[in-house]
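A.B. asks: First the structure, which I've put down as C-alpha cells, then a few questions once you've had a look.
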Amino acid sequence: MKKYLKPIPRRKFLKTGITGGAIIATLPVWKLFSFSAPPSDFHVNPAVNLSKETLEKLIKIALQHGGEFAEVYVEYSVGNQIFLEENKIYGAGRGVDMGVGIRVLHGEKTGYAYSDDLSFEKLKQTAEVASHIAAEKEVKEPVGLKSSKIPSYYLVKVSPDSIVPQDKAKLLWKANSIGREYDKKINQVNVSFSDTNKKIIIANSDGIWVEDVQTLSRFLVSINVIKGDKRSRGYAYKDGTLGYEHYDLKVAEEIAKDACRMAIAMLPAESAPAGEYPIVMAKGHCGTFFHEAIGHSLESDGIRKKTSCFWDKKGKEIASKISSLADDGTVLGARGSINVDDEGTPSQNTILIDKGKCVDFLNDRLNAKLMKAKLTGNGRRESYQHYPLPRMTNTYLLAGEDDPEDILKSVKKGIYVARIGGGNVNWVTGRFVFSVPEGYLIEDGKITKPLKGIQLMGSGPEVLKNIVMVGPDLEILGGGTCGKDGQGKPVSDGNPTLKVSKITIGGAKV
Amino acid sequence: MNNKLLAENIVKKVLKLGADEAEVYLENNREFELTVRNGDVETIKQATSKGLGLMVFKEKKLGFSYTSDFSDESIEEFAKRTVQLSLVADPKPWNGLPDFKKGKIKDFDLYDSSIAEIPNEKKIKIAKEVEKIALAYDKRITKSEGGYFRDSERETILVNSKGISYSSKRTGIYFGADVVAGEGSEMQSGGWSSSKRHFKDLDTIENVAKEAGKRAVEKLGAKPVPTQKAPVVFDRYAARAFWAGILFAMNGDSVYKKTTFLTEHLDKHIASELITIIDDPTIPRHVASLPFDGEGNITRKNVLIDKGILKMFIYDTITARKAGVKVNTIASRYGYRSPASARFLNVVVQNGNVDREKIVSGIKNGFYVKGLRGIGTDIPTGNYSCGSSGFWIKDGEIAFPVDGVTLGGNVLDMLKNIEVLANDIDLRGSLNSPSFKITEMAVGGKK
Ligand SMILES: [Zn+2]
C-alpha cells in the first residue's frame, strides 16, 4: 500500500531524526506547505458559523464568576457509510452531529457544559453553567478574538460527502468481485466505505479564533475463509485525512487482494508456542504497539498525576540507544493528522524518546499550564460533548540503520509479527497484551509457517529496553480509533522493521 | 414539540414520501459528571442532549440516518434524504420491521425522581469521601486517579409504522474511586464503583472505597509463574470477560455466515451441566433492565444455555428472517446513531451452590484469576488465549499475586471442564456470573 508520508524533505527529516533529534524537531517543517483551502463541496449548516460578537459574548459570560480561561468549541459533523456483505449492498447511512461545548478552566478545575441547541439563549445558559466552576470576586477581561490562518496537512481535494453513495458502491462491488474470484475457499466478503466531514470553530479568552475542516475517509475489506473445520480472517484498508480523489477501482482491487492474501495465508495456521521468544515486527503495521504500550504513558495527564510508569523519567534513559519515538500530527494525509488540535493549538511533530532518552510529553492546555510545559498540539476531544484530553495523533518509532534482511536472519527461533491487532494496556504498570491477527514462526532466520492465537505480553518499559535492531524502512500504515476515558479519536501509527530480543508469547500450547 | 409527537410525525412524513415502513428511535439525555482528586474538585460537566435515528424500508431496501438537529427545516430535509438513501441499497426479502406481539410494556421501576434533586454539594461530598477512604485504606496507597460521581437521566422513545409507540425513562447513578499503590518503583492501580438506577440502592461509600484500595494493594509484588498446567478459578467479576467472548460467538449473523466456532453446536452439550445462562432484562431496578428492546419488542427472559446445552443463538429480526429461524429476537441499541442489532441485554449465569472459599481451599496448586486482558476467545476457531492477573493458590490458600501470564486453551474444553460453580453472583451490570473452577488449563508465564 501507498505510504502517506510527506515528500522528500519529510523523509529526510525522519532519517535525520535519529541523529538530529530534538533540534530538527523545532524546524518549521510546515512552511513547506501552502495554506490550502478546505474542500468547498462540503455543505455546512450555516447555523454553526457563530459571529465574532456571539463568540466574544459567550466567552465573557463563561468568565463571569472569575474563571481564568474560557473557550467555545463549535462543531458540525456529517458522517456517511455504505456497506456491502453477502453480495448485496446492505445499506447506506448518514448522520449529522451539531453542537457547542463551553469550557472554563480555573486552577486545576474544569467546568464543562454543552448544547446541541444553537440558539443564543441556550448557548448563554450553557456558558453560565460552565462559569460556575469558579467563584471569585475579580473577573478577568478576555482578549479580543483574532482570527488566525493555519497550514494544512490534509490531502483533500474532493470532499467524500459530495460523492453520491451510488458512486461509492462501485468501489464496494469491485472489491467484492475480486474477493469472490480470489479463492473458492473465501466464504464472506465484507466491504465498507465511510467518511466523516467535520467543521470546528474554536475561540478562547486568550484571543485565539481558528476554524478547520477535518475530513476522514476509510475503505475497508474483510474476508472470511472456511475449509473443513478450519477458519481464518483477513482484512486490509486504506484510510486517512484523504479526499475522495484517493480512491478508485484500482485502489479497491489492491486492498481486496491484500485482505484475501492474509486470510488465505492464515488458514493453515497452527497454535503458537508459549514462552519467551525474540520477535520481528514488520514495517508499517505494528505501530499500534508503540501507540498503546508506550504512547499513552507519555500523555501528560498521567505524568502530572504521577500515575504513569514514566512520570519521573524525563531526561532519563527509558529505551535502547537505537529507539526514538515521535508523535507527529503533521504527516500529510495520515489518519491522525490535524491542522489544529481541538483547543486551537497548531499541530506539530514532538520527539518523545530521543535515542533512548525520554525527552518530552504530549500536552493539552490544562496539563501544560499546570506543569509549566509548552503546548504540543495534542489537546483532542471526540466531540462537543467532551472536554479535551492529551491525546496522540500519528505515533511512530523512528527509522534506524539495520538491514531488514539482517534483522530477520539474526533470529534462530522466534515470531514474525506481520500485523499487530487489538491490545489492552494498563498505563500505570505499563503491562500489555496484544493479539496478532497475522503472525508467523521464524526458524533459522526464515519465515516458515503461519501461527494463530499469538498473544504478546509484557510491559512497555521492558520492551523499549529490548529493542535491539531497527531498520530504515519506516512506514505509517496503522489507522484506527483510539479510546481513552470513553472518548474515541482517529489516530495512526507506524514503525520500521525491528527486533525485540525477547517477549512473552502466550499461546495455547504448553 | 413533544418528542413522542415529533417521532410519530417523522414516521408519517417518510411514509408520505414513499417509504413502505419506518422506525424512529429518539433519545433525550441529561448528564452530570464530577471528578475530584486529592480532595479537590477537578471537573464538573453537565448537559442535556438529544438525537434521533430514522430507519426506513422501501421495496425491501434499507436506509438509515441520524441527527441531533430537530429544527423543522432540518427534519424535513433529513426525512427526504433518508428515503433517498434507501434507494442505494439492494432489496432483501428479509428486510422490514419485526412482526410484533402486541402488549403493554411493564414498569421495572427504573426511574428515581429523587436523583434530579440531589444538590451538587452532596455529590461532591460523596466523591471526596470515597477517594479519601480509598487513599487511607493502606499506607502503600500513595496516589489518586480520583473519586467520581455521575448521574444521568434518559428518555427513550420508539415509534414505528406498525403501530408501536413506546417511551420509557430511566435514571442512572454511579460513584467510585481509582487509586494507585506503590512500593519501590512498582505501581499498581485499583478501582471500584457502584452503579444503580436508584440512589437508595447504591453500595456504601465505605465498601466501594475499601474495595478500590484493596484492589490496588493486593497486586503489589505480582510476578509471573512458570509455564504449567493447573486448575484455574475464575473470579466472578473476571469471569464476565470470558462469558462475553462466548456470547459474541453466539451471534446469529456469525452463525449464518459460519464465522463462529459454535455454528454447528445448537442443541448440543457445549458446557458442563452446571451451566445455565439466561438473558433476563426484566429484573426490577437492575441497571441492564429495559421495558422494550432496541427493535421495540417487549422484553422477556430467554434461556441461552440450559444445563450445558446450547438452546439458542442471538438474532435480531432481520437476521432471524434471513437465516429462516423462528426464535425470540434479542436486539439492543447503542444509542440513536445506529440501528438495533443482535446483542444480549442482561445475561445472568445462574448461581451455583458452593462457597468460593471452599473452592479455593480444595486446590493444592492453582491459579485464581482476578483480571483478564480482553475476551481471549478467537470467535472463528474457539481458541482461547488471554493475558491474566490474579493470585497463586498454594495448599488451599491464596499465596502471592501473579501478573503477566496467559491462559491458553479451547473454549469448548474450558466450558466442559467447569467443575464447580460458586454461589457468589453479584448483579452489577449487563453480564453477571458467579465464580467457577476449571479442572485444568495451560498457564503460560516464564519459560
Ligand atoms: Zn490508544
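The values are calculated or read from the model by the stated rules, or taken from the named source; none is laboratory data. Values in this document were obtained by computation on a predicted structure and should not be read as measured data. All Cβ positions, even for glycine, are placed from backbone atoms using ideal geometry, and neighbour counts span all protein chains on display.
A.B. asks: What number goes with the only condition from (1) surrounded by 23 or more Cβ atoms within 10 Å (Cβ to Cβ); (2) within 14 Å of another protein chain (Cβ to nearest Cβ); (3) modelled with pLDDT of 95 or more that A:ALA169 does not pass?
C.D. replies: (1)
A.B. asks: Among all residue pairs at least 6 apart or on different chains, which show Cβ distances below 6 Å where the first residue, located in the range B:86-107, is closer than 12 Å to B:LYS60 by Cα and the second is among the acidic types (Asp, Glu) and surrounded by fewer than 17 Cβ atoms within 10 Å (Cβ to Cβ)?
C.D. replies: B:PRO91/B:GLU59
A.B. asks: Kindly provide the set of residues from the range A:58-117 that are assigned to a strand (DSSP E or B), among the polar types (S, T, N, Q) and touching a residue at least 24 places away in the same chain (Cβ under 8 Å), ordered by number.
C.D. replies: Listed by number, the residues that qualify are A:SER77, A:ASN80, A:GLN81, A:THR110.
A.B. asks: Out of the residues in the range A:84-98 meeting the condition of being of a type outside the set (A, V, I, L, M) and at the interface with chain B (Cβ under 7 Å from one of its Cβ atoms), tell me which one is nearest to A:ASN187 (Cα to Cα).
C.D. replies: Here the residue is A:LYS88.
A.B. asks: Identify all residues within the range A:309-336 that are within 16 Å of the ligand (Cβ to nearest atom), under 20 Å from the mean Cα position of the chain (by Cα) and in a loop (DSSP other than H, G, I, E, B); write none if there are none.
C.D. replies: Correct list: A:GLY329, A:ALA334, A:ARG335, A:GLY336.
Residues are listed down the side, and each one gets a yes or a no for (1) more than 19 Å from B:LEU427 (Cα to Cα); (2) at pLDDT 95 or above:
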{"position": "B:ALA177", "(1), (2)": "yes, yes"}
{"position": "B:ALA181", "(1), (2)": "yes, yes"}
{"position": "B:MET187", "(1), (2)": "yes, no"}
{"position": "B:SER195", "(1), (2)": "no, yes"}
{"position": "B:PHE199", "(1), (2)": "no, yes"}
{"position": "B:VAL217", "(1), (2)": "yes, yes"}
{"position": "B:ALA244", "(1), (2)": "no, yes"}
{"position": "B:ALA249", "(1), (2)": "yes, yes"}
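A.B. asks: Residues in the range B:179-198: is at least one part of a helix (DSSP H, G or I), crowded, with 22+ Cβ neighbours inside 10 Å, more than 14 Å from chain A (Cβ to nearest Cβ) and not charged (D, E, K, R)?
C.D. replies: no
A.B. asks: Now a separate question. Give the residue, chosen from B:LEU372, B:LEU421, B:LEU415, that is in contact (Cβ under 8 Å) with a residue 12 or more places away in the chain and within 14 Å of chain A (Cβ to nearest Cβ).
C.D. replies: So the residue among B:LEU372, B:LEU421, B:LEU415 that is in contact (Cβ under 8 Å) with a residue 12 or more places away in the chain and within 14 Å of chain A (Cβ to nearest Cβ) is B:LEU372.
A.B. asks: Which one is farthest from A:GLY479 (Cα to Cα) among residues in the range A:413-442 that are within 23 Å of the chain's Cα centre (by Cα) and more than 14 Å from every other protein chain (Cβ to nearest Cβ)?
C.D. replies: Looking at the filtered set, the residue picked out is A:VAL417.
A.B. asks: For the range A:198-283, please list each of the strands (runs of 3 or more DSSP E) lying entirely inside it that holds at least 3 residues being hydrophobic (A, V, I, L, M, F, W, C).
C.D. replies: Where strands (runs of 3 or more DSSP E) fall fully within the range A:198-283 and carry at least 3 residues being hydrophobic (A, V, I, L, M, F, W, C), they are A:208-227, A:275-281.
A.B. asks: Condition check: more than 16 Å from the ligand (Cβ to nearest atom), within 29 Å of A:LYS372 (Cβ to Cβ) and either touching a Gly at 6+ places or on another chain (Cβ under 7 Å) or away from chain B (no Cβ under 14 Å) (or both). Does A:SER271 satisfy that?
C.D. replies: Criteria not met by A:SER271.
A.B. asks: Let me ask something additional. For the range A:156-166, indicate whether the set of residues that are crowded, with 19+ Cβ neighbours inside 10 Å and either assigned to a strand (DSSP E or B) or within 11 Å of chain B (Cβ to nearest Cβ) (or both) is non-empty.
C.D. replies: Yes - at least one qualifying residue is present in the range A:156-166.
A.B. asks: Out of curiosity, is A:SER410 of a type outside the set (D, E, K, R), away from the ligand (no atom under 15 Å from the Cβ), more than 11 Å from every other protein chain (Cβ to nearest Cβ) and out of contact with any Gly (no Cβ under 8 Å at 6 or more places or on another chain)?
C.D. replies: For A:SER410, the condition - of a type outside the set (D, E, K, R), away from the ligand (no atom under 15 Å from the Cβ), more than 11 Å from every other protein chain (Cβ to nearest Cβ) and out of contact with any Gly (no Cβ under 8 Å at 6 or more places or on another chain) - is not met.
A.B. asks: Here is a further query. Exactly one of these conditions fails for B:GLU211: (1) out of contact with any helix residue (DSSP H, G or I) (no Cβ under 8 Å at 6 or more places or on another chain); (2) at pLDDT 95 or above; (3) outside any helix (DSSP H, G or I). Give me its number.
C.D. replies: The failed condition is (3).
A.B. asks: Quick one: count up the residues across the range A:219-237 that are within 29 Å of the chain's Cα centre (by Cα) and within 12 Å of another protein chain (Cβ to nearest Cβ).
C.D. replies: The number of residues fulfilling the criteria is 6.
A.B. asks: Still on this structure, please answer the following. Going by the conditions given, is A:SER119 touching a helix residue (DSSP H, G or I) at 6+ places or on another chain (Cβ under 8 Å), within 14 Å of another protein chain (Cβ to nearest Cβ), hydroxyl-bearing (Ser, Thr, Tyr) and under 30 Å from A:GLY207 (Cβ atoms)?
C.D. replies: no
A.B. asks: Among (1) under 24 Å from A:ARG431 (Cβ atoms); (2) more than 14 Å from every other protein chain (Cβ to nearest Cβ); (3) free of Cβ contacts under 8 Å to residues at least 40 places away in the same chain, where does B:SER435 come up short?
C.D. replies: (3)
A.B. asks: If you don't mind, there's one more thing I want to ask. Please count how many residues of the range A:337-354 are part of a loop (DSSP other than H, G, I, E, B) and of a type in the set (A, V, I, L, M).
C.D. replies: The total comes to 1.
A.B. asks: Would you list the strands (runs of 3 or more DSSP E) that sit entirely within the range A:468-510 and hold 1 or more residues that are crowded, with 21+ Cβ neighbours inside 10 Å, within 14 Å of the ligand (Cβ to nearest atom) and more than 14 Å from every other protein chain (Cβ to nearest Cβ)?
C.D. replies: Output list reads A:475-484, A:487-495.
A.B. asks: Can you spot a residue in the range B:73-81 that is among the charged types (D, E, K, R) and surrounded by 20 or more Cβ atoms within 10 Å (Cβ to Cβ)?
C.D. replies: no
A.B. asks: Also, I was wondering about something else. From (1) hydroxyl-bearing (Ser, Thr, Tyr); (2) under 23 Å from the mean Cα position of the chain (by Cα); (3) assigned to a loop (DSSP other than H, G, I, E, B), pick out the condition that doesn't hold for B:SER272.
C.D. replies: The number of the failed condition is (2).
A.B. asks: While we're looking at this one, here's another question. Report the residue count in the range B:395-441 for those that are part of a loop (DSSP other than H, G, I, E, B) and among the polar types (S, T, N, Q).
C.D. replies: 5
A.B. asks: Quick one: count up the residues across the range B:380-412 that are over 23 Å from A:GLU462 (Cβ atoms) and more than 9 Å from every other protein chain (Cβ to nearest Cβ).
C.D. replies: Total satisfying the criteria: 10.
A.B. asks: Can you tell me which residue is nearest to the ligand (Cβ to nearest atom) among those in the range A:274-305 that are of a type in the set (D, E, K, R) and under 20 Å from A:GLY506 (Cβ atoms)?
C.D. replies: A:GLU292
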